[in-house]
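Student: My questions will all concern the structure given below.
The values are calculated or read from the model by the stated rules, or taken from the named source; none is laboratory data. Note that the structure is predicted; figures quoted are calculated from it, not measured. When we count neighbours, we look across all protein chains shown, and the Cβ atoms used for this are built from the backbone with ideal geometry, even at glycine. The area values use the complete protein model at the heavy-atom level, side chains included, leaving out ligands, DNA and RNA. Shrake-Rupley method; radii C 1.70, N 1.55, O 1.52, S 1.80 Å.
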Amino acid sequence: PPAAKQVLLEAVYMGADNGVLISDRRFAGADVLATAYTVSQGIKKAGSFDIIICGKQTTDGDTAQVGPQIAEKLELPQVSYAADIQQEDGKLIVKRMLEDGYMTIEVETPCLLTCIKELNKPRYMSVRGVLEFDKKPISVFDFETLKDEPLIELDTIGLKGSPTNVYKSFSPPVKGEGVRVEATTDGIRGMVAELCDKHIV
């Protein structure tokens, strides 16, 4: 949405060279597939690159799919959940977070990385950035800008280009209070009997 311009301005004043906002009402309502397709076309339009850095996941859908799908659309190698990035001999050495530890992966550029927040602590905006916050121009790529890159059809973007639709999003109900069992023989026997009655064990 247009309001995302503020995030781009913050990035520019933290040190990025420039920002590009991909925004058009025709892009709205997109699922992860249509979003990844639109963003990949925007990346092609923006020009050459060595590394595409994405967040791990969004705060709304929480799917962690857009970054990897962008990599697939652009036919790039990818590493997800990057916790540390080092460059050696023209390659990247990426420390990737797993559920129970880490793994180290070597990847050539150009590539795409999705990163966890522990990777880096963002710097503060410069004083000049704070004073000139709304004065920096941010380019906007709309449908007309991207429609020939190489060729975007209306049925590949936004709601029409989305094979999935979310009809309802909600937090699961809060679980009830647990039951405390005394660490005695009778207490444990009672717990096991109750679990057996509920066919849990």
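Student: Length gain on complete extension for the stretch residue 192 to residue 171, per 0.36 nm per residue less the alpha carbon to alpha carbon distance?
Tutor: Result: 4.5 nm gained on full extension.
Student: Okay, next question. Multiplying the sequence separation of residue 11 and residue 126 by 0.36 nm and subtracting their Cα-Cα distance, what value in nm do you get?
Tutor: 40.3 nm
Student: Over the range 1-160, what relative contact order in percent results from Cα pairs under 8 Å that are six or more residues apart?
Tutor: 35
Student: If you don't mind, there's one more thing I want to ask. Going through the DSSP H helices of the chain, which span 20 Å or more along their own axis at the Cα atoms while scoring at least -1.0 as a mean Kyte-Doolittle hydropathy?
Tutor: Qualifying helices: 32-46.
Student: Summing -39500 (n - 2.57) over the DSSP H runs of n ≥ 4 in the chain and dividing by its residue number, what mean residue ellipticity at 222 nm do you reach, to the nearest 500 deg cm²/dmol?
Tutor: Helices in the chain give a 222 nm mean residue ellipticity of -8000 deg cm²/dmol.
Student: Work out the FRET efficiency for residue 180 and residue 50 from their Cβ-Cβ distance, taking R0 = 41 Å, and round it to the nearest 0.05.
Tutor: After rounding, the FRET efficiency stands at 0.15.
Student: Another question, if that's okay. What pairs in 95/135; 45/91; 44/136; 95/168 have C-alpha atoms more than 30 Å from each other?
Tutor: 95/135; 95/168
Student: Amide H of residue 96: which non-local residues (sequence gap of 5 or more, or other chain) have their own amide H closer than 5 Å, using H built in the peptide plane?
Tutor: 83, 103, 104, 105
Student: Mind sorting out which of [x] 17.4; [y] 18.6; [z] 20.5 is the real Kirkwood radius over Cα pairs in Å computed from the coordinates?
Tutor: From the options [x] 17.4; [y] 18.6; [z] 20.5, the structure gives [z].
Student: Heavy atoms only, probe 1.4 angstrom, no DNA, RNA or ligands counted: give me 91, 175 ranked by accessible area, highest first.
Tutor: 175, 91
Student: Taking H placed 1.01 Å from N in the peptide plane, check which residues at least 5 places from residue 52 or on another chain put their amide H under 5 Å from its amide H.
Tutor: 111, 112, 113
Student: While we're looking at this one, here's another question. To make sure I understand the rule: partners must be aspartates and glutamates, Cα under 15 Å from the Cα of residue 117, and not fewer than 8 residues away in the same chain. Which ones qualify?
Tutor: Partners found: 62, 84.
Student: Also, I was wondering about something else. Based on the alpha-carbon gyration tensor of the range 68-164 and its eigenvalue square roots a ≥ b ≥ c, which shape applies: rounded if a/c is under 1.5, prolate if not and a/b is larger than b/c, or oblate?
Tutor: oblate
Student: If you don't mind, there's one more thing I want to ask. For the range 116-201, what class follows from the C-alpha gyration tensor (a ≥ b ≥ c being the square roots of its eigenvalues): rounded when a/c is under 1.5, otherwise prolate if a/b is larger than b/c, else oblate?
Tutor: oblate
Student: On to the next question. Which residues make up the longest stretch of the chain that has no GluC sites (Glu not before Pro) in a DSSP loop with at most 16 other Cβ atoms within 10 Å?
Tutor: For GluC sites (Glu not before Pro) (loop position, at most 16 other Cβ atoms within 10 Å), the longest site-free span of the chain is 1-74.
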